[in-house]
Amino acid sequence: MGTLPRNRAASPQYDENKLGFGTIFTEHMLQMRYSADEGGWQVPEIVSFQDLVLHPATMMLHYGQQVFEGLKAFAGPDEEDILLFRPDMNIARFNKSCARLCIPIVDSDLFMDQMSKLIRLDRDWIPRTHGTSLYVRPTIIATDPFLGVRPSKQYLFYIILCPVGAYYPEGFNPVKIVVTDKYIRACRGGLGEAKTAANYAASLLAAEEAHEEGFTQVLWLNAVDKCSIEEVGTMNIFFRIDGEVVTPALEGTILPGVTRDSVIRFARDLGNKVTERQISIEEVVRAAETGSLQEIFGSGTAAVISPVSHFRYKGRDYMVGDGQTGPVARRLFDDLTAIQTGHKPDPYGWMVNVGK
Ligand SMILES: *Cc1c(COP(=O)(O)O)cnc(C)c1O
């Protein structure tokens, strides 16, 4: 196996306090090719981080057969610790997305072993400043050089790593979101529950228009009735109304977030009533008008928890609670990030230490 030695001379040169997201990449990457005509999966290799050389007809570039994942590795309190947050869920979701996109699945144990090995090799790149982490991006693309429409017979699976900065360098600040009833993201039977490029392509125009109006993210409604709420931008969404924490149920159109699942479990254990059900935008508007809408927050790997202070629907603006970060969002953010970085005990067995 082509594992390269750690090259100290190429060690990270960046300011941990100025790390953004997705601009700096580590020294190595993992790659593994698949060829249906050559017995399926080939031997995985860790190689120097490098550009891909692709035939211009590469199928992924034309028909979008692609799947990705996103998870984080954290430096733990002990020098040797490298903590991954629920990587088994990302691997399972990756393979579920692959099945939907007619992409061959990757053996889960092999995935975990190779990913861990790559992270260990580039461990010097894991930032240690509070709030920073190493973002892990497993990706698979269809690589047949062919312009006909069918599933590809060849694929490239790869994993790249990025040291990323604190999501809230200036504090845990709430954002403003806008509800769109003009565009849709996904509908039942479509790709909405797969983590694939097409969902992002579908969302960009709405996000651009939202930014022009001064909003950070788009809140998506159900494609059919434009009534029930789905998710927000790259996050799942939670509402706290009259003490009940509500999040849309998974019915095939929204991405089943690892953070979402963790928030449901954790918020329940903190004594909150948490319900997965359909929730309409009308219910949220009514709650805002009657003063029973206490909190809205998004959940996702990048931000963990993203509180929402205002939302716009049909041209009207509504304030959430008192417009500040609510107590449940703050508690979830503080405790989940403390568990992720090994600063609080992990009663769930969520953290996997791949450092040793
Ligand atoms: C990745 C993603 C999420 C969040 O999932 P996590 O596993 O919590 O990071 C939510 N919505 C969409 C559309 C996503 O792609």
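Residues that are hydroxyl-bearing (Ser, Thr, Tyr) and touching a strand residue (DSSP E or B) at 6+ places or on another chain (Cβ under 8 Å) number at least 3 in the following strands (runs of 3 or more DSSP E) confined to the stretch 131-191: 133-142. Tell me, yes or no, whether the stretch 30-40 has at least one residue that is in a loop (DSSP other than H, G, I, E, B) and exposed (fewer than 15 other Cβ atoms within 10 Å of the Cβ). Yes; the residues of the stretch 30-40 include at least one that is in a loop (DSSP other than H, G, I, E, B) and exposed (fewer than 15 other Cβ atoms within 10 Å of the Cβ). Here the stretch 251-277 is the region considered, the condition is being polar (S, T, N, Q) and surrounded by 20 or more Cβ atoms within 10 Å (Cβ to Cβ), and the residue that is nearest to the ligand (Cβ to nearest atom) is Thr259.
Listed here are the residues, each with its yes/no results for (1) surrounded by fewer than 21 Cβ atoms within 10 Å (Cβ to Cβ); (2) β-branched (Val, Ile, Thr).
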position: Ile279; (1), (2): no, yes
position: Gln324; (1), (2): yes, no
position: His343; (1), (2): yes, no
position: Val354; (1), (2): yes, yes
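Applying a threshold of 6 Å to beta carbon distances and a minimum spacing of six or more residues, or different chains, the list of pairs starting in the stretch 220-248 at a residue that is more than 25 Å from Phe266 (Cα to Cα) and ending at one that is aliphatic (A, V, I, L, M) and within 14 Å of the ligand (Cβ to nearest atom) reads Ala223/Ile184.
I want to confirm something. Restricting to the stretch 239-250 and keeping residues that are away from the ligand (no atom under 13 Å from the Cβ) and more than 23 Å from Pro87 (Cα to Cα), which single residue is surrounded by the most Cβ atoms within 10 Å (Cβ to Cβ)?
Once the filter is applied, the top-ranked residue is Arg240.
The set of residues in the stretch 289-306 that are assigned to a strand (DSSP E or B) and more than 16 Å from the ligand (Cβ to nearest atom) comprises Leu293, Gln294, Glu295. The number of residues in the stretch 51-81 that are within 18 Å of Val352 (Cβ to Cβ), away from the ligand (no atom under 12 Å from the Cβ) and buried (at least 22 other Cβ atoms within 10 Å of the Cβ) comes to 2.
If you go through the stretch 318-352 and keep only what is touching an Asp or Glu at 6+ places or on another chain (Cβ under 7 Å) and closer than 17 Å to Gly76 by Cα, you end up with Ile339, Gly342, Lys344. Here the stretch 284-309 is the region considered, the condition is being over 23 Å from the mean Cα position of the chain (by Cα) and surrounded by 18 or more Cβ atoms within 10 Å (Cβ to Cβ), and the residue that is farthest from Pro169 (Cα to Cα) is Ala287. Of Gly22, Gly2, all but one fail to be within 16 Å of the ligand (Cβ to nearest atom) and at pLDDT below 95; the exception is Gly22. Of everything listed in (1) under 16 Å from the mean Cα position of the chain (by Cα); (2) crowded, with 19+ Cβ neighbours inside 10 Å, the single unmet condition for Pro174 is (1). Within the stretch 310-322, the set of residues being in a loop (DSSP other than H, G, I, E, B) and crowded, with 18+ Cβ neighbours inside 10 Å comprises Val320, Gly321.
Suppose the filter is polar (S, T, N, Q), closer than 20 Å to Arg86 by Cα and free of Cβ contacts under 8 Å to residues at least 40 places away in the same chain; does Ser108 pass it?
On the way: polar (S, T, N, Q): yes; closer than 20 Å to Arg86 by Cα: yes; free of Cβ contacts under 8 Å to residues at least 40 places away in the same chain: yes.
Yes; evaluated as a whole, the condition is true for this residue.
Number of residues in the stretch 219-238 that are more than 12 Å from the ligand (Cβ to nearest atom), outside any strand (DSSP E or B) and not hydrophobic (A, V, I, L, M, F, W, C) equals 3.
The values are calculated or read from the model by the stated rules, or taken from the named source; none is laboratory data. It should be emphasised that the depicted structure is a prediction, and the values quoted were computed from it without experimental measurement. As a convention, Cβ positions derive from the backbone with ideal geometry for all residues, glycine included, and neighbour counts pool all protein chains shown.
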